[in-house]
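Note sheet for the following structure.
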Amino acid sequence: MELLGLYNYWVFPVLLMTGLYAIMSRANLIKKLIGLSMFQAAVFLLYITMDKIEGGTAPILQAGNPEQLYSNPLPQVLILTAIVVGIATLALGLAIVVRISETYGTIEEDEIQGQDAE
């Protein structure tokens, strides 16, 4: 395989580190949630990329062909579940940010901590 043909493995660390940077360096809560979503998308991309088998087919058993190469459907099922959980987590996070904004009048983490310290 060509090195550039494996672009998914190159995109994964870039997306992962971008999401991690957004989570750790930003004080805005919405930007932190976007960074979390990017981090999750990177993990999803890695799992789906690792599942691909060249020449693999759906795991449907056929008589007379015992040497058939099958792809494992479990990673897709796990990632589908993780996507649903990720969307629910993001929705809950956004709802909490709305409540924080109503209570404190800001979504900047430093200002919220400053108000709590007073």
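The values are calculated or read from the model by the stated rules, or taken from the named source; none is laboratory data. Keep in mind it's a predicted model, so treat the numbers as computed, not measured. Neighbour counts are summed over all protein chains in view; Cβ atoms, including those assigned to glycine, are modelled from backbone coordinates with ideal geometry.
Overview of values
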| quantity | calculated |
| --- | --- |
| Entirely in region 10-118, the helices (runs of 4 or more DSSP H) that have 3 or more residues that are modelled with pLDDT of 95 or more | 29-51, 74-104 |
| Those residues of region 51-66 which are touching a strand residue (DSSP E or B) at 6+ places or on another chain (Cβ under 9 Å) and not aliphatic (A, V, I, L, M), in sequence order | Gly56, Thr57, Pro59 |
| Residues that are charged (D, E, K, R) and either surrounded by 12 or more Cβ atoms within 10 Å (Cβ to Cβ) or touching a Leu at 6+ places or on another chain (Cβ under 6 Å) (or both), drawn from region 64-118 | Glu108, Glu109, Glu111 |
| Tally, over region 46-102, of residues that are touching a residue at least 12 places away in the same chain (Cβ under 8 Å), within 14 Å of the chain's Cα centre (by Cα) and more than 19 Å from Leu16 (Cβ to Cβ) | 1 |
